[in-house]
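*Asks:* Let me begin by handing over the structure; questions about it come next.
The values are calculated or read from the model by the stated rules, or taken from the named source; none is laboratory data. Small disclaimer: the values here were computed from a predicted structure and weren't measured. Cβ sites come from the backbone with ideal geometry, for glycine too, and all protein chains shown count toward neighbours. Side chains are part of the model used for accessible areas, which takes the heavy atoms of the whole protein and leaves out ligands, DNA and RNA. Shrake-Rupley method; radii C 1.70, N 1.55, O 1.52, S 1.80 Å.
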Amino acid sequence: MRFVIQKFGGTSVKDAELRSRVVDKVVKAKDSGLQPVVVVSALGRFPDPYATDSLLELVQANGNGVSSRDLDLLLACGETISGVMVAAAIRQRGLSAVFLTGPQAGIITTSTHGKARILRVETDPIVTLSRLGHIVIVAGFQGVSEEGEVTTLGRGGSDTTAAALGVALSAESIDIYTDVEGVMTADPRIISDARPLEYLSYNEVCHLAHEGARVIHPRAVEIAMQRNIPVWIKSTFSDAAGTLITNHIDAAQGALDISSDRIITGVTYRSGLVQVRLQEKGAEAKKEALKALATAGISLDLINYHPDLVAFSVNGSAGRQAASILESLGVQFELESGCAKVAVVGAGMAGVPGVMARIVETLDEQAVEILQTADSHTTIWVLVRETDLHKSVRALYDAFGLGNHN
Ligand code: ADP
Ligand code: ASP
Ligand code: MG
């Protein structure tokens, strides 16, 4: 069978009218001779009652007596409710539909609650039901451990479910339907005139996704890339072509390698960060401080290590804990909360002179103070204050002509 995976995010399945658009997409795929396997996220977004964040709030509002195992059981209900509703909408249009939870669909995972990884997909139930003429709807974001416990895959995990099914079923493509018309060169919530890119390589989109462009989960891209399954990002709300993620695109002139034909792919960001600056000269004190933070399970990002200064950032939620650890060690430090990390991403920037110079000049023109930078062969990160975030993203977007290319 020629399978196509169609994954619908929370905003796409929010209400009956939208679910009817979902059915349009499913019918269209079926009419084109493909066998759709539909993956769904929980209905809507917070404060919609069955959205993942709403279920999380329910738990938080009742103290912290819920175990990680039970939390997974609860969160899995979000996608289960959604799957039942989408299956009903498909049936109302005269097609036969069967909904499967992650465990029923054979999504076997590690046993780490809240961030389980998919080990394999036992495809028999999906293949058998599809052969019998049913459209199978699978709950995203959930699976079952070898011990039989329900697990969840971490936030945004429905994309991962879709990618794993795509690989396991050797699907023609993995189509991720969401509330924007594709992957843009910057978050459309900040750059209102951002346009979708026609195509991107797996690497490019992986970098964007790792740096905060949450339109697709990076793990999903990594999974699809293993078998070169094309991934489409499309809108549920329109018939726009969307973005194709692949390493080869059949252009009119033949196969074209697109792995590095542009210097900058996009600008992304992560906010809610705290910068920590250790003002210690002694190597021992610095070592002790880093060790204590590691022992406390605090993950550091954007680390600069100099003889006179060690600077790094932590997630806002870990800022206070990091401060109390450093205080207890008697280490000299400064904290800067309300920071955001802006990433200028481009698989083609390696070896191209002047990218950093342009970033510095652009932000300087906007009177944005750069608190710290770091770089890799595909990304330059700049730490700025959250109050400067929007103007930084806008200015860099314009400086690199991201509104012009496609
Ligand atoms: P879903 O619920 O469909 O999985 P998400 O909220 O996870 O949707 O992802 C879609 C959102 O990603 C969009 O609404 C958009 O605001 C955001 N986004 C961030 N960066 C980008 C980008 N570069 N291109 C497209 N969307 C982006
Ligand atoms: N519902 C889950 C979340 O909000 C999974 C997903 O939507 O991909 O993270
Ligand atoms: Mg998502």
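*Asks:* Assuming a strict under-30 Å limit between Cα atoms, what lysine pair count do you get for the chain once near-sequence pairs (fewer than 8 apart, same chain) are dropped?
*Replies:* For the chain, the number of qualifying lysine pairs is 26.
*Asks:* Taking amide H atoms as placed 1.01 Å from N in the peptide plane, list the residues 5 or more away in sequence, or in a different chain, whose amide H sits under 5 Å from that of Thr109.
*Replies:* Leu119, Val144, Ser145, Glu146
*Asks:* For Ser238 and Ser337, calculate 0.36 nm times their separation in residues minus their Cα-Cα distance, and state this gained length in nm to one decimal. Could the numbers behind the result be given before it?
*Replies:* Numbers: separation 99, 0.36 × 99 = 35.64 nm, distance 3.98 nm.
Computed gain between Ser238 and Ser337 is 31.7 nm.
*Asks:* To continue, here is another question. State in Å² the accessible area per residue of the chain; use a 1.4 Å probe, count heavy atoms of protein chains only, and round to the nearest integer.
*Replies:* Accessible surface, normalised per residue, equals 44 Å².
*Asks:* Still on this model: Just add up the charged neighbours of Ile174: K/R +1, D/E -1, any other residue whose Cβ is under 14 Å from the Cβ of Ile174.
*Replies:* Details: positive: Arg2, Lys7, Lys25, Arg219, Arg227, Lys234; negative: Asp159, Glu172, Asp175, Glu222.
Result for the neighbourhood of Ile174: +2.
*Asks:* Just want to confirm a number: the relative contact order over segment 55-143, from Cα pairs under 8 angstrom separated by 6+ residues, in percent.
*Replies:* Worked out over segment 55-143, it gives 32 percent.
*Asks:* Defining a contact as two alpha carbons under 8 Å apart and six or more residues distant in sequence, what relative contact order in percent does the chain show? Each step should come with its number before you reach the end.
*Replies:* On the way: 894 pairs, mean separation 53.6, N = 406.
For the chain, the relative contact order is 13 percent.
*Asks:* Among Lys25, Lys281, Lys14, whose mean-square fluctuation peaks in a Gaussian network model of the chain (Cα, cutoff 10 Å)?
*Replies:* Looking only at Lys25, Lys281, Lys14, the largest GNM fluctuation is found for Lys281.
*Asks:* A further question follows. Over every pair of different alpha-carbon atoms in segment 1-132, take the mean of 1/r and invert it; report that Kirkwood radius in Å.
*Replies:* About 15.9 Å, per the Kirkwood formula over Cα pairs.
*Asks:* Does the chain classify as rounded, prolate or oblate by the C-alpha gyration tensor (a ≥ b ≥ c root eigenvalues; a/c under 1.5 gives rounded; else a/b over b/c gives prolate, otherwise oblate)?
*Replies:* Verdict is oblate for the chain.
*Asks:* Just from its helices, what would the mean residue ellipticity at 222 nm be for the chain, if runs of 4 or more DSSP H residues each count -39500 (n - 2.57) and the sum is divided by every residue, rounded to the nearest 500 deg cm²/dmol? Please list the in-between numbers first.
*Replies:* Details: 11 runs with 137 residues, N = 406.
Taken over the chain, the calculation gives -10500 deg cm²/dmol.
*Asks:* With a 10 Å cut-off between alpha carbons and a GNM built on the chain, which of Ala343, Ala76, Ala311 moves the most?
*Replies:* Ala311
*Asks:* I'd like the distance separating the alpha-carbon centroids of segment 196-210 and segment 148-192, in whole Å.
*Replies:* Centre-to-centre distance over Cα atoms comes out at 13 Å.
*Asks:* Hey, what do the phi angles of segment 207-219 turn into as Karplus ³J(HN,Hα) couplings, whole Hz, using 6.51/-1.76/1.60 and θ = phi - 60°, x for Gly and Pro?
*Replies:* With the stated coefficients, segment 207-219 comes to 4, 4, 5, 5, 8, x, 6, 7, 4, 9, 6, x, 5 Hz.
*Asks:* I would also like to ask the following. Would you mind checking which residues have amide H under 5 Å from Val98's amide H? H placed 1.01 Å from N; only 5 or more apart, or other chain.
*Replies:* HN-HN under 5 Å from Val98: Ile135, Val136, Ile137.
*Asks:* Summarise the accessible area of the chain (1.4 Å probe, protein heavy atoms) by the percent that is carbon and sulfur.
*Replies:* Taking all protein chains in place, the chain shows 50 percent carbon and sulfur surface.
*Asks:* Give me the one-decimal nm value for the distance between modelled label points at Leu119 and Glu288, 7 Å along each residue's Cα-to-Cβ direction.
*Replies:* Rounded to a tenth, the inter-label distance reads 4.3 nm.
*Asks:* Please work out the Cα center distance from segment 347-406 to segment 273-322, rounded to the nearest Å.
*Replies:* Here the two parts' Cα centres lie 25 Å apart.
*Asks:* In whole Hz, with x marking every Gly and Pro, tabulate ³J(HN,Hα) for segment 308-317 from phi via Karplus 6.51 cos²θ - 1.76 cosθ + 1.60, θ = phi - 60°.
*Replies:* The phi angles translate into 9, 8, 10, 10, 7, 10, 10, 5, x, 5 Hz.
*Asks:* On to the next question. Can you tell me which of Ala240, Ala292, Ala395 moves the most in a GNM of the chain? Springs connect C-alpha atoms under 10 Å apart.
*Replies:* Highest fluctuation among the options: Ala292.
*Asks:* Through the Karplus equation 6.51 cos²θ - 1.76 cosθ + 1.60, θ set to phi - 60°, convert the phi angles of segment 161-168 into ³J(HN,Hα) values in whole Hz; use x for Gly and Pro.
*Replies:* My calculation for segment 161-168 gives 4, 4, 5, 5, 5, x, 5, 5 Hz in order.
*Asks:* Additional query: Out of residues 5 or more away from Trp232 or on other chains, whose amide H comes under 5 Å of its own, with H placed 1.01 Å from N in the peptide plane?
*Replies:* Amide H neighbours of Trp232, under 5 Å, 5+ apart: Ile174, Asp175, Ile176, Ile245.
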